[in-house]
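The values are calculated or read from the model by the stated rules, or taken from the named source; none is laboratory data. A quick note: this is a predicted structure, and the numbers were derived from the prediction, not measured. Glycine gets a Cβ as well: all are built from the backbone with ideal geometry, and neighbour counts include every protein chain shown.
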Amino acid sequence: MVSSITSCHIMRQALGIVLGGGRGTRLWPLTKYRAKPAVPLAGKYRLIDIPISNCLNSGLDRIYVFTQFLSSSLNRHIGRTYQLDPFSRGFVNLQVANLSDDNQNWYQGTADAVRRNLKELAQWRTPYVIILPGDTIFRMNLEDLLRFHIDNQAEVTISLHPASADRATGFGIVTLGEDNRIEHMSEKPSADRLPPLAALPAIRQRWQMSDDRPFLGSMGIYVFNFDLLMDLLRNPAMTDFGSDILPYCVSQGRSYGYVFNGYWEDIGTIRAFFESNLDLVKPNPPFQFYLPDAPIYTRMRFLPASQFERARLTRTKIAEGCIIQDAELDTCLVGLRSRVGRGARLRNTILMGADFFESEGNRREYEPVPEGAPAIGIGEDCDVEGAIIDKNARVGAGCKLLNRDRREHFDDPDERYYIRDGIIIVPKHAILPPGTEI
């Protein structure tokens, strides 16, 4: 936690903006009922907790979250979680796109979202704004980024992460001069265009880049001089940061690159989301959600400890309020209030849990279901491998979710399950009857 007077002072010069307004189509069907930043993560968190926690741990406590699609659960989470000190001027505000007499359209892009909220942002009169994505896992002291921006008298600073050749084609790649000024940007370059985009030897040495990651990809984290950003947004054609504003700023010559060497993972796709979550169950996970001075925050829940009955667990993390009965779990991440029945076998599986404890008394009160539907969770004698089971899903006894046909992409006509990147996804509220085989 950044706590010195100097640190607090410099971070009071900035506002934080988290961009979470996209449809999240690459994460569908996890975004079928919720905004992308509200997608559950690591058993008990949500994606939005990552950028907000990075801001708070860096001393940046005036934060706006921009979204527009399916934002009700995100709104509840932010309202219940981020109630900051009433004696400070800190806040975490959700700004949902609204149609008005002045504008009858939804946000047309990331930059348009900021444009539509300029009056709200301008009231704080901060000289800088720090913009963050809502779908990446990282831990960064944003004070270091802001100091770099100020020390270099930059107008725009883009945070960059070293990338290998096989991953560089999926990002915006930046080349830096020896003074860290951005000379060129290339959006998702093809493999044959990569070699000239490798960082200079002096840059690699200065930022301690490894030889196997010689390219610099944009992390979607930017620092802008607020006056410059306001001027740019007067042009209605500037609707997106990646395709409009940043290329223009680079062409004007006052844009700098700040290289971040810590853990960073873009989890915008189902495969990336799946692998990043299961990485957390490794003996030494690449990302720690708890550090004494800089934890990742989330909503406090007063849940009982999880209960196990002859369960056999290998490389598995389990959140609070779960009941695991005589089941076998290997390389699994188990979310809040999960239920796993006797004889079930789960491997390489993410079980997101439930929003409430189900009983016969409240079975129809919280979430009306057909008569005879299985209980929330994993039924007895199920066999599940390579799957994501979303919240409140009901998997009946004896189901076999194994993707035996090795499909990469499939939509069940009854919308009970989907396959993306070879991963079975049982969406939120879905019901799989006993004996279902995939």
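For residues that are among the aliphatic types (A, V, I, L, M) and part of a helix (DSSP H, G or I), scanning just segment 1-51, find the one that is modelled with the highest pLDDT. It would help to see each step written out before you state the result.
Within segment 1-51, the subset among the aliphatic types (A, V, I, L, M) is 1-2, 5, 10-11, 14-15, 17-19, 27, 30, 35, 38-39, 41-42, 47-48, 50.
Subset that is part of a helix (DSSP H, G or I): 5, 10-11, 27, 38, 50.
On the way: 5: 40, 10: 91, 11: 92, 27: 92, 38: 91, 50: 96.
Result: 50.
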Give me a count of the residues in segment 305-323 that are surrounded by 14 or more Cβ atoms within 10 Å (Cβ to Cβ), assigned to a strand (DSSP E or B) and either free of Cβ contacts under 8 Å to residues at least 60 places away in the same chain or not assigned by TED's automatic domain parsing to the domain that holds residue 358 (or both).
5
Do you know which residues across segment 232-252 are touching a residue at least 12 places away in the same chain (Cβ under 8 Å) and of a type in the set (D, E, K, R)?
240, 244
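Residue check: is residue 413 out of contact with any Gly (no Cβ under 9 Å at 6 or more places or on another chain) and within 16 Å of residue 349 (Cβ to Cβ)? Step through it out loud before you land on a result.
On the way: out of contact with any Gly (no Cβ under 9 Å at 6 or more places or on another chain): yes; within 16 Å of residue 349 (Cβ to Cβ): no.
Taking the combined requirement at face value, the residue does not satisfy it.
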Could you go through segment 166-176 and let me know if any residue there is charged (D, E, K, R) and either surrounded by fewer than 22 Cβ atoms within 10 Å (Cβ to Cβ) or without any contact (Cβ under 8 Å) to a residue 40 or more places away in the chain (or both).
yes
For the structure I just gave you, tell me whether residue 156 is β-branched (Val, Ile, Thr) and either over 29 Å from residue 28 (Cβ atoms) or over 22 Å from the mean Cα position of the chain (by Cα) (or both).
yes
